[in-house]
Amino acid sequence: MSVPRSRGNPQVKRWAKLARDSRLRRAEGRALIEGPHLLAVLLARKLRPAAILATEAGLKDAEIASLVKESGLEPVVLSEGAFNAIADTETPQGLAAEIAIPTVRRDGPWVFLEGVQDAGNVGAIVRSAAAFGAGAVILDRPCADPWSPKVLRAGMGGHFLLQVLQVDTLPSTLESYPGRLVCTVAHGGEPLRKADLSGKLGWIFGSEARGVSAEVASLAHLKVTIPVQTESLNVAAAAAVCLYEAAAFSRASAAPSTPAGRS
């Protein structure tokens, strides 16, 4: 196995750009994942990377060596310097992979994000959406790139359990959604616990600073408010609460009623 030693190696330069340039990711439909956890989730979903990148030290780790073997690919072994050029973490674990951005189909409510610019929040919402059975997370263009390394890390593999898609215009996508749209508002909405969360729902969450725009809010069939004792909830926390409540509502609605006299 050859070891590209220079950060100026054409392959290394392309992988470094793939990790940092959203335009290249969109143009090629490719992304770079880093670390054994994301690769393990990818492989568990029967998805295969296009290339495995590792350091000699990384391949000595038993977990990493096992994942590389499971992938069925011969790894491209990089020098520590070359790997650091593509890595986004402060302490790289010596494993990365180039992947084709997958299209995953799953039933369940959709989550729509408008102007959520913090990568950690976007990733956390993807993670919660995957955990609570959502089918897709749809973001508008001002949102953080969902396939950037920081969002992928915060998503903890949720990207490979549902569809994650960034669109140019959110209103037209919302108008075509075949279900009820639910918008979160800080004040004046139906209290979340009292809201009718039946049927196919599309949850709309807005930017950290401004919330959901008036244009997008006007498309919602239902507005809900989470009663809190502070000014507002972080958008990722609000999304987790709403998706949990919707999942609990769905489970309760599907549960058979207990006959009288039985516990």
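No lab work stands behind these numbers, since they all come straight from the coordinates. As the structure is a prediction and not an experimental result, all values here were calculated from the model. Glycine gets a Cβ as well: all are built from the backbone with ideal geometry, and neighbour counts include every protein chain shown.
Restricting to the range 10-100, compute how many DSSP beta bridges are antiparallel as a %, nearest 5.
75
Where does each of LEU95, LEU181 land when they are ranked from fewest to most other beta-carbon atoms within 10 angstrom?
Fewest to most other Cβ atoms nearby, the residues stand as LEU181, LEU95.
Which of GLY199, GLY123, GLY158 moves most in a GNM of the chain, Cα contacts under 10 Å?
GLY199
Give the relative contact order (percent, whole number) for the chain; include only Cα pairs under 8 Å separated by 6+ residues.
It rounds to 18 percent for the chain.
I want the antiparallel fraction of DSSP beta bridges within the chain, as a percent rounded to 5.
30
List HIS37, HIS187, HIS159, HIS221 from most exposed to least, where exposure is judged by having the fewest other Cβ atoms within 10 Å.
HIS187, HIS221, HIS37, HIS159
Treating the beta-carbon of each Lys and Arg as +1 and of each Asp and Glu as -1, no other charges, what is the dipole magnitude of the range 10-100 about its Cα centre, to the nearest 20 debye?
Charge dipole of the range 10-100: 540 debye, to the nearest 20.
Once you charge only the Cβ atoms, +1 for Lys and Arg and -1 for Asp and Glu, what is the size of the charge dipole of the chain about its Cα centre, to the nearest 20 debye?
480
Just going by the charge dipole of the chain, with Lys and Arg at +1 and Asp and Glu at -1 on Cβ, which of GLN229, ILE33, PRO75 is farthest out on the positive end?
PRO75
So how far apart, in nm, are the two label points at SER253 and ALA62 if each is 7 Å from Cα heading toward Cβ?
Rounded to a tenth, the inter-label distance reads 4.8 nm.
Report, in deg cm²/dmol and to the nearest 500, the calculated mean residue ellipticity at 222 nm for the chain, where each DSSP H run with n ≥ 4 adds -39500 (n - 2.57) and the sum is divided by the residue count.
When only DSSP H runs of four or more count, the value is -10500 deg cm²/dmol.
Roughly how many whole Å is it from the C-alpha centroid of the range 27-103 to that of the range 107-123?
That distance is 25 Å.
Expected output is a single nm value to one decimal: the length gained when fully extending between ASP196 and GLU28, i.e. 0.36 nm times separation in residues minus the C-alpha distance. What is it?
Length gained, ASP196 through GLU28: 56.3 nm.
What are the GluC sites (Glu not before Pro) within the range 150-220 that DSSP puts in a loop, where the Cβ has at most 15 other Cβ atoms within 10 Å?
GLU208
Within a 10 angstrom radius of the beta carbon, how do ILE101, ILE52 rank from fewest other beta carbons to most?
In order of increasing Cβ crowding within 10 Å: ILE101, ILE52.
Which of rounded, prolate, oblate describes the range 10-100, given a ≥ b ≥ c as roots of the alpha-carbon gyration tensor eigenvalues and a/c under 1.5 marking rounded, otherwise prolate only if a/b is larger than b/c?
Taking the square roots of the gyration eigenvalues as a ≥ b ≥ c, the range 10-100 is oblate.
Determine the shape class of the range 173-214: with a ≥ b ≥ c the square roots of the Cα gyration tensor eigenvalues, call it rounded for a/c under 1.5, and otherwise prolate if a/b is greater than b/c, oblate otherwise.
oblate
If you place +1 on the Cβ of every Lys and Arg and -1 on the Cβ of every Asp and Glu, how big does the dipole about the Cα centre of the range 92-232 come out, in debye to the nearest 20?
Result for the range 92-232 is approximately 400 debye, rounded to the nearest 20.
Using a 10 angstrom Cβ neighbour count of at most 14 plus a DSSP loop assignment to flag exposed trypsin sites (Lys or Arg not before Pro), which longest range of the chain is free of such sites?
107-199
Provide, for the chain, the number of lysine pairs with alpha carbons under 20 Å apart, each pair being eight or more places apart or on different chains.
6
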